[in-house]
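Have a look at the structure below, then the notes.
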Amino acid sequence: DPDGGPPLFDKRRDDPRITRLGHFLRRTSLDELPQLINVLKGEMILVGPRPLLMEYLPRYSPEQMRRHDVYPGLTGWAQVKYSYGASEEDALEKLQYDLYYIKNQSLMLDVMIILQTVEVVLWGKGAR
(Lines give C-alpha, C1' and ligand atoms only; values in the text may rest on other atoms or scores of the structure.)
Protein backbone atom coordinates (compact mmCIF):
# COMPACT_ATOMS: atom_id res chain seq x y z
CA ASP A 1 0.00 0.00 0.00
CA PRO A 2 1.34 3.47 -0.90
CA ASP A 3 0.86 5.00 2.56
CA GLY A 4 2.59 2.12 4.32
CA GLY A 5 -0.53 0.65 5.91
CA PRO A 6 -1.99 -2.79 5.22
CA PRO A 7 -3.69 -3.15 1.85
CA LEU A 8 -7.37 -2.24 1.92
CA PHE A 9 -8.37 -5.30 -0.09
CA ASP A 10 -6.28 -8.38 0.59
CA LYS A 11 -8.47 -11.42 0.03
CA ARG A 12 -7.30 -14.32 -2.04
CA ARG A 13 -9.19 -17.48 -2.85
CA ASP A 14 -5.89 -19.42 -2.95
CA ASP A 15 -4.50 -18.06 0.32
CA PRO A 16 -1.71 -20.48 1.32
CA ARG A 17 -2.44 -19.91 5.03
CA ILE A 18 -5.85 -21.63 4.76
CA THR A 19 -5.85 -25.31 5.69
CA ARG A 20 -8.06 -27.99 4.11
CA LEU A 21 -10.42 -27.65 7.06
CA GLY A 22 -10.45 -23.90 6.54
CA HIS A 23 -11.32 -24.33 2.87
CA PHE A 24 -14.18 -26.65 3.83
CA LEU A 25 -15.48 -24.17 6.42
CA ARG A 26 -15.35 -21.33 3.89
CA ARG A 27 -16.92 -23.37 1.08
CA THR A 28 -19.84 -24.40 3.30
CA SER A 29 -20.06 -20.95 4.97
CA LEU A 30 -19.64 -22.59 8.37
CA ASP A 31 -16.91 -20.04 9.08
CA GLU A 32 -19.75 -17.50 9.45
CA LEU A 33 -21.41 -19.26 12.40
CA PRO A 34 -19.44 -17.32 15.05
CA GLN A 35 -20.99 -14.16 13.60
CA LEU A 36 -24.36 -15.38 14.93
CA ILE A 37 -23.06 -14.55 18.40
CA ASN A 38 -22.62 -10.95 17.26
CA VAL A 39 -26.20 -10.98 15.93
CA LEU A 40 -27.49 -12.29 19.27
CA LYS A 41 -25.48 -9.61 21.12
CA GLY A 42 -27.08 -6.92 18.94
CA GLU A 43 -23.79 -5.88 17.34
CA MET A 44 -24.87 -7.15 13.93
CA ILE A 45 -28.11 -7.93 12.13
CA LEU A 46 -28.98 -10.81 9.82
CA VAL A 47 -29.12 -8.70 6.64
CA GLY A 48 -26.93 -5.69 5.93
CA PRO A 49 -23.59 -4.78 4.41
CA ARG A 50 -20.77 -7.04 5.54
CA PRO A 51 -18.58 -5.30 8.11
CA LEU A 52 -15.27 -3.90 6.99
CA LEU A 53 -12.21 -3.74 9.18
CA MET A 54 -12.40 -0.71 11.47
CA GLU A 55 -8.63 -0.20 11.23
CA TYR A 56 -9.24 1.08 7.69
CA LEU A 57 -11.87 3.63 8.75
CA PRO A 58 -9.52 6.65 8.37
CA ARG A 59 -8.88 5.60 4.76
CA TYR A 60 -12.55 5.29 3.71
CA SER A 61 -13.97 7.72 1.22
CA PRO A 62 -17.21 9.53 2.19
CA GLU A 63 -19.09 7.08 -0.05
CA GLN A 64 -17.52 4.07 1.69
CA MET A 65 -18.40 5.61 5.06
CA ARG A 66 -22.10 5.28 4.19
CA ARG A 67 -21.76 1.56 4.90
CA HIS A 68 -21.64 2.53 8.58
CA ASP A 69 -25.07 4.20 8.39
CA VAL A 70 -26.60 0.78 9.10
CA TYR A 71 -25.64 -2.17 11.28
CA PRO A 72 -23.36 -4.70 9.59
CA GLY A 73 -25.04 -7.92 8.52
CA LEU A 74 -24.33 -11.62 8.42
CA THR A 75 -25.39 -11.64 4.77
CA GLY A 76 -26.16 -8.90 2.32
CA TRP A 77 -27.15 -7.84 -1.16
CA ALA A 78 -23.51 -7.82 -2.29
CA GLN A 79 -22.98 -11.39 -1.04
CA VAL A 80 -25.90 -12.82 -3.01
CA LYS A 81 -25.36 -10.73 -6.14
CA TYR A 82 -21.58 -10.73 -6.57
CA SER A 83 -19.19 -13.63 -6.47
CA TYR A 84 -16.08 -13.80 -4.32
CA GLY A 85 -13.69 -11.04 -5.27
CA ALA A 86 -10.17 -10.30 -4.16
CA SER A 87 -9.28 -7.15 -6.06
CA GLU A 88 -9.90 -3.52 -5.28
CA GLU A 89 -12.22 -3.40 -8.31
CA ASP A 90 -14.24 -6.29 -6.85
CA ALA A 91 -14.50 -4.50 -3.52
CA LEU A 92 -15.68 -1.30 -5.20
CA GLU A 93 -18.31 -3.29 -7.14
CA LYS A 94 -19.54 -4.87 -3.91
CA LEU A 95 -19.66 -1.41 -2.38
CA GLN A 96 -22.19 -0.41 -5.05
CA TYR A 97 -24.42 -3.32 -4.03
CA ASP A 98 -24.09 -2.31 -0.38
CA LEU A 99 -25.07 1.27 -1.21
CA TYR A 100 -28.06 -0.01 -3.19
CA TYR A 101 -29.15 -2.00 -0.14
CA ILE A 102 -28.78 1.01 2.17
CA LYS A 103 -30.89 3.18 -0.16
CA ASN A 104 -33.57 0.51 -0.76
CA GLN A 105 -33.69 -1.25 2.61
CA SER A 106 -37.04 -3.00 3.19
CA LEU A 107 -38.49 -6.12 4.76
CA MET A 108 -39.17 -7.56 1.28
CA LEU A 109 -35.56 -7.01 0.19
CA ASP A 110 -34.32 -8.61 3.44
CA VAL A 111 -36.54 -11.67 2.87
CA MET A 112 -35.30 -11.98 -0.71
CA ILE A 113 -31.66 -11.76 0.47
CA ILE A 114 -32.23 -14.40 3.18
CA LEU A 115 -33.85 -16.78 0.65
CA GLN A 116 -31.01 -16.28 -1.82
CA THR A 117 -28.46 -16.78 0.96
CA VAL A 118 -30.06 -20.11 1.87
CA GLU A 119 -29.92 -21.10 -1.79
CA VAL A 120 -26.21 -20.20 -2.00
CA VAL A 121 -25.26 -21.91 1.28
CA LEU A 122 -27.34 -25.09 0.99
CA TRP A 123 -27.31 -25.70 -2.75
CA GLY A 124 -24.30 -23.73 -3.96
CA LYS A 125 -26.43 -21.73 -6.40
CA GLY A 126 -25.78 -18.11 -7.22
CA ALA A 127 -22.90 -15.95 -6.02
CA ARG A 128 -20.18 -17.38 -3.80
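The values are calculated or read from the model by the stated rules, or taken from the named source; none is laboratory data. None of these values were measured; they are calculated from a predicted model. Cβ sites come from the backbone with ideal geometry, for glycine too, and all protein chains shown count toward neighbours. For the accessible areas, the whole protein counts, side chains as well, though only heavy atoms, and no ligand, DNA or RNA atoms are used. Shrake-Rupley method; radii C 1.70, N 1.55, O 1.52, S 1.80 Å.
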Notebook entry, point to check: How much accessible surface does Ile102 have with a 1.4 Å probe, in Å² rounded to 10?
Noted result: 20
Next item on the list: Calculate one ³J(HN,Hα) per residue across the stretch 37-47 by plugging θ = phi - 60° into the Karplus curve 6.51 cos²θ - 1.76 cosθ + 1.60, and present them in order as whole Hz with x for glycine and proline.
Entry: 4, 5, 5, 5, 7, x, 8, 9, 10, 5, 10
Next item on the list: Would you kindly state how much longer the chain becomes between Tyr71 and Asp31 on full extension, computed as 0.36 nm times their sequence separation minus their alpha carbon distance, in nm to one decimal?
Entry: 12.4 nm
Next item on the list: Could you grab the relative contact order for the stretch 31-128? Cα pairs under 8 Å, six or more apart, rounded to a whole percent.
Entry: 31
Next item on the list: From largest accessible area down, sort Glu32, Glu88, Glu119; use a 1.4 Å probe on the protein chains.
Entry: Glu88, Glu119, Glu32
Check: Near the amide H of Leu74, under 5 Å away, which other amide H atoms are found, from residues 5 or more places off or on another chain, if H is placed in the peptide plane?
Finding: Ile45, Leu46, Val47, Gly48
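Quote the FRET efficiency, to the nearest 0.05, computed for Gln96 versus Ile45 with a Förster distance R0 of 25 Å and r equal to the Cβ-Cβ distance.
So the FRET efficiency works out to roughly 0.75.
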Notebook entry, point to check: So how much slack lies between Ile18 and Met112, counting 0.36 nm per residue of separation and subtracting their Cα-Cα distance, in nm?
Noted result: 30.7 nm
